[in-house]
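Here is the structure we will look at, set down as structure tokens.
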Amino acid sequence: MADSTGGDPRPDLATELDAAGVRFEAHGAVATVTLNRPERRNAMTFRTWRALARIGDSLPADVRVVVLRGEGPSFSAGIDLSMFSGGGDEGFPDGEDQQAGDAFIAGLQAGYTWLRRPEIVSIAAVHGHAIGGGFQLALACDIRVAADDTKFCMKEPALGLVPDLTGTKPLVEIVGVNRALELCLTARTVLADEAARLGLAEYVVPRDELDTTVTDLTTALLAVNPGAAVATKRLLLEAPDNSLEEQCAAEGREQLGRLRELSAALKG
Ligand code: ACO
């Protein structure tokens, strides 16, 4: 087991996570990442996103399911607004230097992209507000389990920004360009029922059943053969960008790999 409060063989990581208001626990195949600044509604800074990237970089190899959750009344209120008035952990990059700016933002996006890795299934356990960068964090996960008090909002355009934490692609893939445009440019709040209708949440459950639903889902995911789970996620991720012919070929390749592995296991 590794956690951010004790017994962690990587004390530098534990210190970094504590400073960023992020908690990490891994128990065998299941890891839990908790946004832990409830007094700020889990508002996130550059430090938070870099901490998430560090978790992705150092995730134990035996982890198969990663649960993202928020402590307190909300999943996350998005970017820490104090950063716009100089109160954050550092300033924004100088927009003049394109290359440095691109690298800076890619470093923050790395906190989100690892959640799509085929080796894991990521679950966002969402409740309360999931705004801006918080909504995008939920979108970065493979499965969203939402409590019935969840309020999603893509607030960035209302603040003069764009959603740049990897959220535009999954949002469009889930709801289509037109609905995504309407949600982003009105920055309106999507309640849990509508989120379920739009496909933004795979499950909507009463608030007090959020944790048990996530635990049951995790158990079901872990019951599947690990190799089959990785290969299936890889296939499904490729599907939207592949032609039918390419996808059929990919299915064949993955299946032959599965058959080889299963037959080797049978032979013992
Ligand atoms: N950044 C910094 N502090 C925040 C943020 C935030 N994003 N959200 C909440 N807080 C702080 C509040 O200032 C307040 O601090 P205080 O106790 O010192 O007054 C505390 O968290 C509690 O917030 P309340 O507003 O009192 O809590 P409530 O539950 O009533 O409302 C809500 C929660 C709806 C999330 C509200 O705080 C809010 O609208 N926050 C701003 C959301 C936002 O615009 N985020 C930016 C999105 S864009 C992006 O992420 C790139």
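The values are calculated or read from the model by the stated rules, or taken from the named source; none is laboratory data. Keep in mind the model is a prediction, meaning the values are calculated, not measured. Backbone-built Cβ (ideal geometry, glycine too); neighbour counts: all protein chains shown. To get the accessible areas, we keep the full protein, side chains included, count just its heavy atoms, and leave off ligands, DNA and RNA. Shrake-Rupley method; radii C 1.70, N 1.55, O 1.52, S 1.80 Å.
A few points about this structure:
- Sole residue being within 14 Å of the ligand (Cβ to nearest atom) and out of contact with any Pro (no Cβ under 9 Å at 6 or more places or on another chain), chosen from LEU139, LEU159, LEU181: LEU159
- Qualifying residue in the stretch 14-22 (condition: assigned to a strand (DSSP E or B), open to solvent by 40 Å² or more (accessible area, probe 1.4 Å) and more than 16 Å from the ligand (Cβ to nearest atom)): no
- Of all residues in the stretch 241-260, those that are closer than 20 Å to LYS169 by Cβ have Cβ atoms under 7 Å from Cβ atoms of residues that are small (Gly, Ala, Ser) and modelled with pLDDT of 95 or more, 6 or more apart or on another chain, in ASN242/ALA250; GLN247/ALA239.
Yes/no matrix, rows are residues, columns are (1) more than 30 Å from ASP208 (Cβ to Cβ); (2) assigned by TED's automatic domain parsing to the domain that holds GLY72; (3) within 14 Å of the ligand (Cβ to nearest atom); (4) at pLDDT 95 or above:
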| site | (1), (2), (3), (4) |
| --- | --- |
| GLN99 | yes, yes, no, no |
| GLY128 | no, yes, yes, yes |
| GLY132 | no, yes, yes, yes |
| THR166 | yes, yes, yes, yes |
| VAL177 | yes, yes, no, yes |
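- One residue stands out in the stretch 34-66 among those that are part of a strand (DSSP E or B) and touching a helix residue (DSSP H, G or I) at 6+ places or on another chain (Cβ under 6 Å): the one that is surrounded by the most Cβ atoms within 10 Å (Cβ to Cβ), namely MET44.
Table: residues versus (1) within 19 Å of ASP142 (Cα to Cα); (2) out of contact with any Gly (no Cβ under 8 Å at 6 or more places or on another chain); (3) more than 16 Å from the ligand (Cβ to nearest atom); (4) basic (Lys, Arg).
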site: THR48; (1), (2), (3), (4): no, no, no, no
site: LEU59; (1), (2), (3), (4): yes, yes, yes, no
site: LEU68; (1), (2), (3), (4): yes, yes, no, no
site: GLU71; (1), (2), (3), (4): no, yes, no, no
site: SER74; (1), (2), (3), (4): no, no, no, no
site: ASP80; (1), (2), (3), (4): no, no, no, no
site: PHE92; (1), (2), (3), (4): no, yes, no, no
site: ALA103; (1), (2), (3), (4): no, yes, yes, no
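- Boolean, ALA110 is away from the ligand (no atom under 12 Å from the Cβ), at pLDDT below 95 and not charged (D, E, K, R): no
- PRO118, sole failed condition from (1) within 16 Å of the ligand (Cβ to nearest atom); (2) open to solvent by 10 Å² or more (accessible area, probe 1.4 Å); (3) out of contact with any Leu (no Cβ under 6 Å at 6 or more places or on another chain): (1)
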